[in-house]
There are 2 protein chains.
Amino acid sequence: MVNIIHRVGVKAPVSGVYAALSTVEGVAEWWTIHTSGSSKIGGTIAVRFHSTDGKEIGNMTMEVIALDPNKKVHWRFTSGPEEWIGTDVTFTLSQDGEYTIVLFGHENWREGDAFTAHCSMKWATFLLSLRALVETGKGKPSPNDIKIDNWN
Amino acid sequence: MVNIIHRVGVKAPVSGVYAALSTVEGVAEWWTIHTSGSSKIGGTIAVRFHSTDGKEIGNMTMEVIALDPNKKVHWRFTSGPEEWIGTDVTFTLSQDGEYTIVLFGHENWREGDAFTAHCSMKWATFLLSLRALVETGKGKPSPNDIKIDNWN
């Protein structure tokens, strides 16, 4: 199995980072404005992505597997690109001085191919968006996300 | 073994991307301004990183294993953080319409831990710097790189 992992530090209390990860409203402000559903444990969240000209270019749904307040958020993808189905995303939070450290994992990919590499790069830009949201109040969710290549 | 992989698209001819990856002068404009050595096959390149207040926070040396013009650059790390020694970095280039696609790999990590996650995130920001350099003429090499967490 192949894992995408990233580490980012947010200069803010852990509660703000956790809120951005554990609620539909929060996710909509850093990942994609088209986020809907239930963010309770066992709930399903749907996310849709659009190009800057408004065309839908992808969508996924994920089940909320675990929520450990100010410590961890765990999603599992139940629909979307075939490569994503059954994969897990976890955000593990800790405090280190003035930083909230986010250890991100998108785990259990079957292959480490060009699409995985694209998604790794996209996650990094969305984590910068998460940080900007919590530190400044303004993230860069899709469709205003940082485009990285010809796949968006 | 654990691999960091990323994919980025640069709206520029492949020759410009290759030049930025295959020469000491190029690397100094997107990775770290403190780049020196020989970028020929079999040569050794040294890179040093500094905090914004000028303190050295890390350094590595790498051997240039392969250079395939406009197609591939391959480095192997010979000194630096223990986790980096013996790991391989490859940049594989291809053309797709108006984009030069860079498939990046930092391969053969022994562990996928928090330091690997930090390096994955840093590589993503340096690839954005590479893209900015080739597309606009100005990258963000260390010490003016995008800081991502409390480890820089």
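Sparsely packed loop sites in segment A:18-51 (the chymotrypsin sites (Phe, Trp or Tyr not before Pro) outside DSSP H, G, I, E and B with at most 12 other Cβ atoms within 10 Å) do not occur.
One residue of chain A places its C-beta nearer than any other to the axis carrying A onto B; that residue and its whole-Å distance are A:A124, 2. The aspartates and glutamates within cross-link reach of B:K40, meaning a Cα-to-Cα straight distance under 15 Å and a gap of 8 or more places when in the same chain, are B:E25, B:E63, B:D68.
Return the loop-located GluC sites (Glu not before Pro) in segment B:18-112 (DSSP other than H, G, I, E, B) with at most 13 other Cβ atoms within 10 Å of their own Cβ; answer none if there are none.
Working: sites: B:E25, B:E29, B:E56, B:E63, B:E82, B:E83, B:E98, B:E107, B:E111; in loops: B:E29, B:E98, B:E111.
When the GluC sites (Glu not before Pro) of segment B:18-112 are filtered for loop state and at most 13 Cβ neighbours within 10 Å, B:E98, B:E111 remain.
Rounded, prolate or oblate: which fits the protein assembly as shown, taking a ≥ b ≥ c as square roots of the Cα gyration tensor eigenvalues, rounded meaning a/c under 1.5, else prolate when a/b beats b/c? Verdict is prolate for the protein assembly as shown. Taking Cα centre as origin and charging only the Cβ of basic (Lys, Arg, +1) and acidic (Asp, Glu, -1) residues, the dipole magnitude of the protein assembly as shown rounds to 400 debye. Let me make sure I get this right: for segment A:76-149, a, b and c are the square roots of the gyration tensor eigenvalues over alpha carbons, sorted descending. Under 1.5 in a/c it's rounded, otherwise prolate if a/b > b/c, else oblate. Which is it? Taking the square roots of the gyration eigenvalues as a ≥ b ≥ c, segment A:76-149 is oblate. Note on segment A:82-111 and segment B:87-105: Cα centroid distance 25 Å, given to the nearest whole angstrom. Magnitude of the charge dipole for chain B, about its Cα centre and with charges confined to Cβ atoms of Lys, Arg (+1) and Asp, Glu (-1), is about 280 debye. Within straight-line reach of B:K11, meaning a Cα separation under 17 Å, sit the following aspartates and glutamates at least 8 residues removed in sequence or on another chain: A:D149, B:D96, B:E98, B:E135.
In plain terms, chain B is cut at each of the trypsin sites (Lys or Arg not before Pro) found in a DSSP loop with at most 13 other Cβ atoms within 10 Å, and the longest leftover piece is B:72-109. In summary, the aspartates and glutamates within cross-link reach of B:K72, defined as a Cα separation below 14 angstrom excluding same-chain residues under 8 places away, comprise B:D88. Charge dipole of segment A:62-131 (Cα centre as origin; +1 on each Lys and Arg Cβ, -1 on each Asp and Glu Cβ, all else neutral): 180 debye, rounded to the nearest 20. When chain A is treated as a GNM with alpha-carbon contacts under 10 Å, the residue of A:L127, A:L93, A:L103 showing the greatest mean-square fluctuation is A:L103. Per residue, the protein assembly as shown exposes 42 Å² of solvent-accessible protein surface, assessed with a 1.4 angstrom probe and all protein chains in place.
The values are calculated or read from the model by the stated rules, or taken from the named source; none is laboratory data. All values reported here derive from a predicted model rather than from experimental measurement. So basically every Cβ, Gly included, is an ideal-geometry build from the backbone, and we count neighbours across all protein chains shown. Surface areas here come from the heavy atoms of the whole protein model, side chains and all, with no ligands, DNA or RNA. Shrake-Rupley method; radii C 1.70, N 1.55, O 1.52, S 1.80 Å.
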